[in-house]
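Chemist: Structure below; questions to follow.
The values are calculated or read from the model by the stated rules, or taken from the named source; none is laboratory data. Bear in mind that the values here come from a model prediction, so they are computed numbers and not experimental data. Neighbour counts are summed over all protein chains in view; Cβ atoms, including those assigned to glycine, are modelled from backbone coordinates with ideal geometry. Surface areas here come from the heavy atoms of the whole protein model, side chains and all, with no ligands, DNA or RNA. Shrake-Rupley method; radii C 1.70, N 1.55, O 1.52, S 1.80 Å.
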Amino acid sequence: MKVRVETSSIVTYQCDLIAVNLFEGVKVPTGATKAVDKALGGYISKLIKNGEITGKKEEATLIDTQGKIPAKRVVVVGLGKKEELDLEGIRRVSASIIKTAKHVKAKKVASVVHGAGSGGVSPVEGAQALVEGALLAEYHFEGYAKVKEGDRFFRVEQFVILEIAPEKARQLKPGVEKGSIVSEAVNNARELVNAPANLVTPNYIARYSVAKAKEVGIHCKVLDAPQIKEKGMLSFYSVAKGSDEKEKMVILRWNGDKKSKEWLGLIGKGVTFDSGGISIKPSNKMWEMKTDMAGAAACLEAMIAIAKLKVKSNVLAVLPFAENMPDGRAQKPGDVIGSLSGKTIEIISTDAEGRMVLADAVTYAKQLGATKLVDVATLTGACTVALGDVASGIMGNDDYMIEAFKRAGEKTGERVWQLPLYEEYKEYSKSDVADIKNCTEMGKASASIGGLFVQLFVENTPWIHIDIAGTAYLDRERGYYLRGATGIPVRSLIEFISNV
Ligand code: BES
Ligand code: ZN
Ligand code: ZN
């Protein structure tokens, strides 16, 4: 879908669907809504009077213009209470416009910027949110069916933001630009996560990263299996060795602030398929484990976006990619494994593989000069049990970073909820034969135990850990997301990096 700003009156604009709005409780429309109402002979006012249009949140009323204006249809979207409208509200309104467009097969859609100037939303941020909601809602995974028939293959082709005053239209453009870059990053991450694991192998994603990095001019290096082993990343290697697909480590660097020596290290879990290994998962829903590289995909696409946005900070991404499979060479429960840090790990479950690939990636990021760390991982089913698909878990050793990431989550609508890393939990994963067990048998506080495992390798470097097991992939439609990958937390990462 192409997105642009045009300077035009909404009343005279030729397209398949135009979107105007109403705040809850407003009886007499103003602005663009008033102009359209007038052109339609007061029809919108009539519907308001009859109580058919109330302006309530997520209400969308479709009207056929019957040739009274060039646009074929009008949708009046409810904005809810004026003082409550925020960026997330605008994204959801935008999504409801796109859903309406898909419903009536409107290829060209035009909209005003909704509610800008109310509830502390600036026009430029309002435009960004409008674009994000539209692009995120329009995305769907095409898949590989030979016969591409049915509603899900319909695509809205153009989304035009209309502003009649040329000066105001110019002001909206940076927001539209940013919204487009950010949403493209999210949708590219979703595409990688939705794609099957027989396509998105470590080798595939390494090549993809090299090509993408080249396009935007960021430094990219790939370590292959012999180099990974030679460097001593035994924990990472141990997960990968049960698969015929060779592991890869992708390293990306964006040097946006040449004067600073601070480097933020982004580490993403890139398990391209998690069968559980010898501690094999039940076959029911095992296919969903093609999404176990969502953390790495999010970090990768966030890097591409910050390069496009020319963000003024230094960011290093370390992305370990491997497949977790059972095989004659696979790691076994009871094995004791070394790591790049020198610390040893006793394997209790080969299904707790994410933290093992993160362990070496964290150590390597520190060796490469990272002074702060963020890791993103589909780490624990327990995080999903606690928070569902509505919030990601956040843990860490640095309150400033935790608060900054929470703020980013508030702004982007990608909610995070903090879980504790209590000292007492460390008792649970004490090993008789190694520095740590990779998990416990009892399954208590599993999300926190996963976080504490990563912390052992982070040591005292300021760090946050984002567990996206519940939020990376939805089994139902929610807001501007269809069923499938969400690309969470690409937008929060970009926002966080732009502000710390
Ligand atoms: N990839 C899974 C976690 C997961 C579960 C992601 C559901 C997305 C949806 C991870 O590798 C895993 O298997 N974790 C185990 C840890 C346990 C063995 C301590 C889990 O959560 O059961
Ligand atoms: Zn696992
Ligand atoms: Zn996993």
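Chemist: Taking the condition of being touching an Asp or Glu at 6+ places or on another chain (Cβ under 6 Å) and touching a residue at least 40 places away in the same chain (Cβ under 8 Å), how many residues in region 50-72 meet it? Step through it out loud before you land on a result.
Modeler: First pass over region 50-72, keeping only residues touching an Asp or Glu at 6+ places or on another chain (Cβ under 6 Å): 55-56, 72.
With the extra rule that they be touching a residue at least 40 places away in the same chain (Cβ under 8 Å), the set shrinks to 72.
The number of residues fulfilling the criteria is 1.
Chemist: Further question: Across region 231-255, which residue is farthest from ligand 3 (Cβ to nearest atom) among those that are surrounded by 23 or more Cβ atoms within 10 Å (Cβ to Cβ) and in a helix (DSSP H, G or I)?
Modeler: Among residues in region 231-255 that are surrounded by 23 or more Cβ atoms within 10 Å (Cβ to Cβ) and in a helix (DSSP H, G or I), the one farthest from ligand 3 (Cβ to nearest atom) is 237.
Chemist: Could you tell me which of the residues 414, 410 is closer than 23 Å to residue 485 by Cα and touching a Lys or Arg at 6+ places or on another chain (Cβ under 8 Å)?
Modeler: Numbers: 410 fails: touching a Lys or Arg at 6+ places or on another chain (Cβ under 8 Å).
Answer to the check: 414.
Chemist: Oh, and also: Show me the strands (runs of 3 or more DSSP E) found entirely inside region 1-90 where at least 2 residues are under 24 Å from residue 123 (Cβ atoms).
Modeler: Working: elements: 2-6, 17-22, 60-64, 73-78.
Result: 2-6, 17-22, 73-78.
Chemist: Scan region 302-319 for residues that are assigned to a strand (DSSP E or B) and over 26 Å from residue 243 (Cβ atoms) and jot them down. So that I can check it myself, show each step before the final result.
Modeler: Step one: list which residues in region 302-319 are assigned to a strand (DSSP E or B), which gives 314-319.
Once the filter is applied, which keeps residues that are assigned to a strand (DSSP E or B) and over 26 Å from residue 243 (Cβ atoms), region 302-319 yields 314, 315, 316.
Chemist: Now, a different point. Examine region 181-188 for a residue that is on the phi < 0 side of the Ramachandran plot, among the aliphatic types (A, V, I, L, M), outside the structural domain of residue 6 (by TED's automatic domain parsing) and open to solvent by 20 Å² or more (accessible area, probe 1.4 Å), and state whether such a residue exists.
Modeler: The answer is yes, given that some residue of region 181-188 is on the phi < 0 side of the Ramachandran plot, among the aliphatic types (A, V, I, L, M), outside the structural domain of residue 6 (by TED's automatic domain parsing) and open to solvent by 20 Å² or more (accessible area, probe 1.4 Å).
Chemist: Considering only residues that are away from ligand 2 (no atom under 16 Å from the Cβ), within 22 Å of residue 466 (Cβ to Cβ) and not in a helix (DSSP H, G or I), which ones fall in region 341-368?
Modeler: Matches in region 341-368: 341, 368.
Chemist: Quick one: how many residues across region 373-420 are more than 22 Å from residue 132 (Cβ to Cβ) and either in contact with a Pro (Cβ under 9 Å, 6 or more places away or on another chain) or assigned to a helix (DSSP H, G or I) (or both)?
Modeler: Selection size over region 373-420: 17.
Chemist: Being part of a strand (DSSP E or B) and either more than 19 Å from the chain's Cα centre (by Cα) or closer than 19 Å to residue 464 by Cα (or both) is the filter here; which residues of region 256-272 pass it? Steps first, please.
Modeler: So in region 256-272, the residues part of a strand (DSSP E or B) come out as 264-268, 270-272.
Selection gives 264, 265, 266, 267, 268, 270.
Chemist: Filter region 28-46 down to the residues that are among the charged types (D, E, K, R) and at pLDDT below 95 and list them by number. Full working, then the answer.
Modeler: The initial filter retains those residues of region 28-46 that are among the charged types (D, E, K, R), namely 34, 37-38, 46.
Within region 28-46, none qualify.
Chemist: Those residues that are within 11 Å of ligand 1 (Cβ to nearest atom) and either crowded, with 19+ Cβ neighbours inside 10 Å or modelled with pLDDT under 95 (or both), I need them from region 277-288; list them, please.
Modeler: Scanning region 277-288 gives 277, 279.
Chemist: I would also like to ask the following. Of all residues in region 435-479, which are basic (Lys, Arg) and not in a strand (DSSP E or B)? Talk me through it step by step, then tell me what you get.
Modeler: Filtering region 435-479 down to residues basic (Lys, Arg) leaves 437, 444, 476, 478.
Hits for region 435-479 are 444, 476.
Chemist: Something else: Please find, within region 369-392, the residue that is surrounded by the most Cβ atoms within 10 Å (Cβ to Cβ) out of those that are of a type in the set (Ser, Thr, Tyr) and within 16 Å of ligand 2 (Cβ to nearest atom). Steps first, answer last, please.
Modeler: Pass one, region 369-392, residues of a type in the set (Ser, Thr, Tyr): 371, 378, 380, 384, 392.
Add one more test, that the residue is within 16 Å of ligand 2 (Cβ to nearest atom), and what stays is 378, 380, 384.
Numbers: 378: 29, 380: 26, 384: 19.
Taking the candidates together, the pick is 378.
Chemist: Sticking with this structure for a sec: Suppose the filter is β-branched (Val, Ile, Thr) and in a helix (DSSP H, G or I); does residue 222 pass it? Give the steps one after another, and end with the answer.
Modeler: Values: β-branched (Val, Ile, Thr): yes; in a helix (DSSP H, G or I): no.
No; evaluated as a whole, the condition is false for this residue.
Chemist: Collect the residues in region 256-280 that are within 14 Å of ligand 3 (Cβ to nearest atom), under 19 Å from residue 458 (Cα atoms) and among the charged types (D, E, K, R), keeping them in residue-number order.
Modeler: 269
Chemist: Considering each of 354, 334, 338, 381 in turn, give the residue that is over 18 Å from the mean Cα position of the chain (by Cα) and more than 16 Å from ligand 1 (Cβ to nearest atom).
Modeler: Answer to the selection: 338.
Chemist: Please go through region 256-276 and pick out each residue that is within 16 Å of ligand 1 (Cβ to nearest atom) and surrounded by fewer than 24 Cβ atoms within 10 Å (Cβ to Cβ). First the steps, then the outcome.
Modeler: Initial filter on region 256-276 (within 16 Å of ligand 1 (Cβ to nearest atom)): 267-276.
Within region 256-276, 273, 276 qualify.
Chemist: Something else about it: Residue by residue through region 320-340, note down the ones that are within 16 Å of ligand 3 (Cβ to nearest atom), in a loop (DSSP other than H, G, I, E, B) and closer than 20 Å to residue 227 by Cα.
Modeler: Within region 320-340, 330, 331 qualify.
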